[in-house]
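The values are calculated or read from the model by the stated rules, or taken from the named source; none is laboratory data. All of these numbers come straight from a predicted model, not from anything done at the bench. Cβ: placed from backbone, ideal geometry, glycine included. Neighbour counts: every protein chain shown. Calculation scope for accessible area: heavy atoms of the full protein, side chains included, ligands and nucleic acids excluded. Shrake-Rupley method; radii C 1.70, N 1.55, O 1.52, S 1.80 Å.
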Amino acid sequence: MMLRSLGWLAVATMSLSAGAAIAQTGKSADVDAHPQVPSEVAAQMSDTCALVGESHGISPQHYSSEEMGGDLWLTPCNAGAYQISYEAIYQAEDTAPRKLLFAQWRNGSWTGTELLFNPTFDPATGVLSDQYKDRGAGGCGGERTWEWQEGGFRLIEYRAQETCQNEAGEYPVIFEVE
């Protein structure tokens, strides 16, 4: 009985977090409320991406603008206790959709990932950002910021703390565009 109550609380918390992110950024007019992911976009999602259903209060985010020259889909994949992973799929006008990849700093070196965590996108500025936690209390993880440029996102800042600290604080800069 206790576990069932805690499970409900976790889902409710995730739902509130996702709704708060949209409310905080003020993007509700730019994001389709409950879009259906087109089959050609869904086909680009990885096998490990279990599209989180709207029953959890989390919907795919769809952006379209002339500046981008097409459509950007942020599809929620997996919901955890304190973060939701997403994959980004871009479809330029009159082309097939393609999954976007992003830089990730792990174990002192660069790698790539298809996952974003709790992302926010501002179509007016073309700025995409996300933040990931390596543990719920914070103290380790990363924050990444990209800018839309010529059909993809260019990394402009990356902050990360790989070793967990007792207290959450601002992560040190790993990369910054000069």
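Taking 7 Å along the Cα-to-C-beta vector as the label spot, tell me the ASP47-THR163 distance in nanometres, rounded to one decimal.
3.8
Length gain on complete extension for the stretch SER39 to SER65, per 0.36 nm per residue less the alpha carbon to alpha carbon distance?
Length difference between fully extended and current span is 7.3 nm.
Each residue of segment 145-157 in turn: what ³J(HN,Hα) in whole Hz from Karplus with 6.51, -1.76, 1.60 and θ = phi - 60°, glycine and Pro shown as x?
In residue order, the calculated couplings are 9, 10, 10, 5, 7, 6, x, x, 9, 9, 5, 10, 7 Hz.
Taking all protein chains in place and a 1.4 Å probe, what share, in percent, of the accessible surface of segment 41-178 do carbon and sulfur account for? Kindly include the intermediate steps, with their values, before the conclusion.
Values: 3090 of 6950 Å².
Ligands and nucleic acids excluded, carbon and sulfur reach 44 percent.
Got a sec? What order do THR111, THR120, THR75, THR163 fall in by accessible area at 1.4 Å, biggest, i.e. largest, first?
Working: THR111 70, THR120 40, THR75 0, THR163 90 Å².
From most accessible down to least: THR163, THR111, THR120, THR75.
List the trypsin sites (Lys or Arg not before Pro) within segment 93-178 that fall in a DSSP loop (any state other than H, G, I, E or B) and whose Cβ has at most 16 other Cβ atoms within 10 Å.
Counting only loop positions with at most 16 other Cβ atoms within 10 Å, the trypsin sites (Lys or Arg not before Pro) in segment 93-178 are ARG135.
With every protein chain kept in the model, how would you rank VAL52, VAL173 by accessible area, 1.4 Å probe, largest at the top?
Order by accessible area, largest first: VAL173, VAL52.
With a 1.4 Å probe and all protein chains kept in place, how much accessible area does SER85 have, in Å² rounded to the nearest 10?
Approximately 10 Å² of SER85 is accessible to the 1.4 Å probe.
With every protein chain left in place, what is the accessible area of ILE156 in Å² (1.4 Å probe, nearest 10)?
40
Suppose R0 equals 35 Å; then what is the FRET efficiency for SER109 and GLU150 from their Cβ-Cβ distance, rounded to the nearest 0.05? Before the final figure, lay out the partial values.
Values: r = 26 Å, r/R0 = 0.76.
Calculated transfer efficiency: 0.85.
For segment 37-106, report the accessible area per residue in Å² (1.4 Å probe, heavy atoms, rounded to an integer). Can you show the working numbers first?
Working: 3240 Å² over 70 residues.
Roughly 46 Å² per residue, with all protein chains present.
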